[in-house]
Amino acid sequence: MSLVDVLVEGGTARVTLNDPERRNILSGDLVREVLAAFDAVEADPEVRSVVITGAGPAFCAGADLDDLRAATRGDSRGVELVYEGFLRVARSPLPTIAAVNGPAVGAGFNLALACDVRIVAESAWFDTRFLKIGIHPGGGHTWMLDRLVGPQTAAAMVLFGERVGGAEAVAAGLALRAVPDAGLLDAAAVLTSRLAAVEPELVRRTKETLRLAGDGRDHDSALAHETREQMWSLTLPTTAARIVR
């Protein structure tokens, strides 16, 4: 049985972690399928966005404890592969939405943080859990979290084990919106449908511009980059037809 299901429809690839009995942990086999899935959807010129979600009651329960135990004995290969799983998502040129259907814990929380947008089911929640199991946060967790929620909420979650879900996640800036559980994928589809008629390369290049803006570029550099990209977009065959009075 596949541990990752991919459904491409209307220019959106839905990537579903499909190991519900183990709460979709980032095992080596599952991570390898995530890597292959992203290679495939990024190679499809018609795909404009990706939605990541989990099968069953959990979004992702984090790393495989066997990999963490191996790391305590000096074998960090499994943990490094876990890193590659969510960092691969973070590097994707495609806009990504985490449709968080249940608990997102540890490295599973990182997977959600690696996406551009998070929509959460009302029953879902986020838990860093690193200190609870005696390890330092990893994979850029503190950096990604602090950028979204600020130092105080990040400290509450990382140091004091504050668990955040639903409306709290929206108020903290961790999620765009919280929706009833049954409407989670529909809410994600509302967002992705807005890209259906947009040139795929324009979508990818605009995401890259947003990424560069978040890297602390000064205004002059940002202005020069955006000007070049906008002038390029004006040459697209579809642009003239889309510009209406």
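The values are calculated or read from the model by the stated rules, or taken from the named source; none is laboratory data. Keep in mind that what you see is a predicted model, and the values were worked out from it rather than measured. Glycine gets a Cβ as well: all are built from the backbone with ideal geometry, and neighbour counts include every protein chain shown.
The set of residues in the stretch 122-136 being out of contact with any helix residue (DSSP H, G or I) (no Cβ under 6 Å at 6 or more places or on another chain) and surrounded by 13 or more Cβ atoms within 10 Å (Cβ to Cβ) consists of Ala124, Trp125, Asp127, Arg129, Phe130, Leu131, Ile135. Does Arg118 count as buried (at least 21 other Cβ atoms within 10 Å of the Cβ), in contact with a Gly (Cβ under 6 Å, 6 or more places away or on another chain) and either part of a loop (DSSP other than H, G, I, E, B) or among the basic types (Lys, Arg) (or both)? Answer is no for this residue. Within this structure, Gly214 fails the test of being within 30 Å of Leu131 (Cβ to Cβ), surrounded by 14 or more Cβ atoms within 10 Å (Cβ to Cβ) and at pLDDT below 95.
Contact map, the stretch 115-138: residues that are closer than 16 Å to Phe160 by Cβ paired with residues that are part of a helix (DSSP H, G or I) and of a type in the set (Asp, Glu), Cβ distance under 9 Å, separation 6+ or inter-chain. Pairs shown: Trp125/Glu168. Considering the stretch 192-209, and only residues there that are without any contact (Cβ under 8 Å) to a residue 60 or more places away in the chain and surrounded by fewer than 13 Cβ atoms within 10 Å (Cβ to Cβ), the residue that is farthest from Ala99 (Cα to Cα) turns out to be Ala197. If the condition is being among the aliphatic types (A, V, I, L, M), under 15 Å from Gly165 (Cβ atoms) and either under 10 Å from the mean Cα position of the chain (by Cα) or in a loop (DSSP other than H, G, I, E, B) (or both), then the stretch 94-112 contributes Ala98, Ala99, Val100, Ala112.
Consider Ala71 against the criteria (1) in a helix (DSSP H, G or I); (2) among the small types (Gly, Ala, Ser); (3) in contact (Cβ under 8 Å) with a residue 12 or more places away in the chain: it satisfies all of them except one. Which criterion is unmet? So Ala71 meets the others, but not (3).
Any idea which of Ala189, Ala241 is out of contact with any helix residue (DSSP H, G or I) (no Cβ under 6 Å at 6 or more places or on another chain) and surrounded by 14 or more Cβ atoms within 10 Å (Cβ to Cβ)?
On the way: Ala241 fails: surrounded by 14 or more Cβ atoms within 10 Å (Cβ to Cβ).
When all the criteria are applied, what remains is Ala189.
Quick check on my filter: what residues within the stretch 142-179 are in contact with a Gly (Cβ under 6 Å, 6 or more places away or on another chain) and either assigned to a helix (DSSP H, G or I) or more than 16 Å from Ser123 (Cβ to Cβ) (or both)? Hits for the stretch 142-179 are Leu148, Val149.
Is there a residue being of a type in the set (Gly, Ala, Ser) and either within 16 Å of the chain's Cα centre (by Cα) or not assigned by TED's automatic domain parsing to the domain that holds Ala90 (or both) anywhere in the stretch 155-162?
As a first pass, look at the stretch 155-162 and keep what is of a type in the set (Gly, Ala, Ser): 155-156, 161.
Keeping just the survivors that are either within 16 Å of the chain's Cα centre (by Cα) or not assigned by TED's automatic domain parsing to the domain that holds Ala90 (or both) gives none.
Scanning the stretch 155-162, I find no residue that is of a type in the set (Gly, Ala, Ser) and either within 16 Å of the chain's Cα centre (by Cα) or not assigned by TED's automatic domain parsing to the domain that holds Ala90 (or both), so the answer is no.
Counting only helices (runs of 4 or more DSSP H) that sit completely within the stretch 181-235, those holding 3 or more residues that are assigned by TED's automatic domain parsing to the domain that holds Arg91, closer than 30 Å to Gly166 by Cα and not acidic (Asp, Glu) correspond to 184-193.
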